[in-house]
1. For the stretch 15-33, enumerate the residues that are closer than 23 Å to I5 by Cα and exposed (fewer than 11 other Cβ atoms within 10 Å of the Cβ).
2. Hey, among the residues in the stretch 41-64 that are at pLDDT 95 or above and charged (D, E, K, R), which one's nearest to the chain's Cα centre (by Cα)?
3. Consider L3 carefully, then state whether it is assigned to a helix (DSSP H, G or I) and either in contact (Cβ under 8 Å) with a residue 60 or more places away in the chain or in contact with a Cys (Cβ under 8 Å, 6 or more places away or on another chain) (or both).
4. With the requirement that a residue be within 16 Å of V74 (Cβ to Cβ) and either polar (S, T, N, Q) or in contact with a strand residue (DSSP E or B) (Cβ under 8 Å, 6 or more places away or on another chain) (or both), what does the stretch 29-58 give you?
5. Pick out the one residue from V56, V70, V74 that is touching an Asp or Glu at 6+ places or on another chain (Cβ under 8 Å) and free of Cβ contacts under 8 Å to residues at least 40 places away in the same chain.
6. For T62, all conditions in the list (1) in contact with a His (Cβ under 7 Å, 6 or more places away or on another chain); (2) more than 22 Å from R9 (Cα to Cα) hold save one; what is the number of the exception?
7. Which ones in the stretch 8-22 are touching a residue at least 60 places away in the same chain (Cβ under 8 Å), part of a loop (DSSP other than H, G, I, E, B) and more than 15 Å from V56 (Cα to Cα)?
Amino acid sequence: MALRIATSRTFTTTAHFVDGQSAKVVFRMLPDDEIDRVQGEGLQAMLRATVAHIDVEGEGGTLVEFDAEVLDQVIGNAADALSLSRAYNEAIITGKLGN
């Protein structure tokens, strides 16, 4: 088996939030230099760069269309932003990456 180099890498994991909820999240894996740059701009900038999709339910329990506005609503809550960051970092550390 050989290492396949991909220009765009994503991985899916589950984020667990402080209120007991959880959601499937698709993250983009950024190159080291880019992740260093966006981390220097703050947590929300890092999440805007890495979060590709979150399964988010509306009031009626149906999935809502994910877009930048939905992401901003989620990461506008510090606890939720930290939960997403933790999910990203834990997935990277434990090697839940598909190439």
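1. Once the filter is applied, which keeps residues that are closer than 23 Å to I5 by Cα and exposed (fewer than 11 other Cβ atoms within 10 Å of the Cβ), the stretch 15-33 yields P31, D32, D33.
2. R48
3. Details: assigned to a helix (DSSP H, G or I): no; either in contact (Cβ under 8 Å) with a residue 60 or more places away in the chain or in contact with a Cys (Cβ under 8 Å, 6 or more places away or on another chain) (or both): yes.
Taking the combined requirement at face value, the residue does not satisfy it.
4. Scanning the stretch 29-58 gives Q44, A49, T50, V51, A52, H53, I54, D55, V56, E57.
5. On the way: V56 fails: touching an Asp or Glu at 6+ places or on another chain (Cβ under 8 Å); V70 fails: touching an Asp or Glu at 6+ places or on another chain (Cβ under 8 Å).
Residue meeting the stated conditions: V74.
6. For T62, the failing item is (1).
7. Matches in the stretch 8-22: V18 only.
The values are calculated or read from the model by the stated rules, or taken from the named source; none is laboratory data. Note that the structure is predicted; figures quoted are calculated from it, not measured. All Cβ positions, even for glycine, are placed from backbone atoms using ideal geometry, and neighbour counts span all protein chains on display.
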